[in-house]
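The values are calculated or read from the model by the stated rules, or taken from the named source; none is laboratory data. In this text the structure is predicted, and so the values were computed from the model without any measurement. Note that we place each Cβ from the backbone using ideal geometry, even for glycine, and neighbour counts take in every protein chain shown. For accessibility, only protein heavy atoms count, side chains too; no ligands or nucleic acids. Shrake-Rupley method; radii C 1.70, N 1.55, O 1.52, S 1.80 Å.
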Amino acid sequence: QLVESGGGSVQSGGSLRLSCTASGPSFKSYSMGWFRQAAGSEREFVAGISWIGDTTSYGSSVQGRFTISRDNANNTEYLQMNRLQHAATEVYFCAADQLALASELGDSGEYDYWGQGTQVTVSS
């Protein structure tokens, strides 16, 4: 089970940190990802991290502003979001699965486990 937290409202240019806490002993062996989706839009890849944390990947629209990390001791992954842009409301989803390749981090179809999402609203 994956549970996201940390969503809320922020002004454009501000920051938020999202957390995703996993239950179960397998977390340490799972790659993790963050995706976001606005109403009426497709789910978009935001960031991903390998199970050991040595490989990260980012969507082009967040590169340089967002940072993904994980704390395997506490079964938690994080998404630090800085310089949030563009007034919008999106739901951020945490995802997990055992991925064989780093290239799979950005593919939502590779993840079998998903959280319920946490909403982020950026206002101008």
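Picking from PHE35, PHE93, PHE27, which residue would you name as being closer than 18 Å to GLN1 by Cβ, open to solvent by less than 70 Å² (accessible area, probe 1.4 Å), modelled with pLDDT under 95 and among the aromatic types (Phe, Trp, Tyr)? Just one listed residue meets the conditions, PHE27. Filtering ALA47, ALA87 for residues that are at negative phi and open to solvent by 50 Å² or more (accessible area, probe 1.4 Å) leaves a single hit, ALA87.
Taking region 96-112 as the search range and keeping residues that are within 13 Å of the chain's Cα centre (by Cα) and among the hydroxyl-bearing types (Ser, Thr, Tyr), which one is most open to solvent (accessible area, probe 1.4 Å)? The qualifying residue most open to solvent (accessible area, probe 1.4 Å) is SER108. Somewhere in region 50-72, is a residue of a type in the set (Gly, Ala, Ser), under 18 Å from GLY8 (Cβ atoms) and open to solvent by less than 50 Å² (accessible area, probe 1.4 Å)? No, that holds for no residue.
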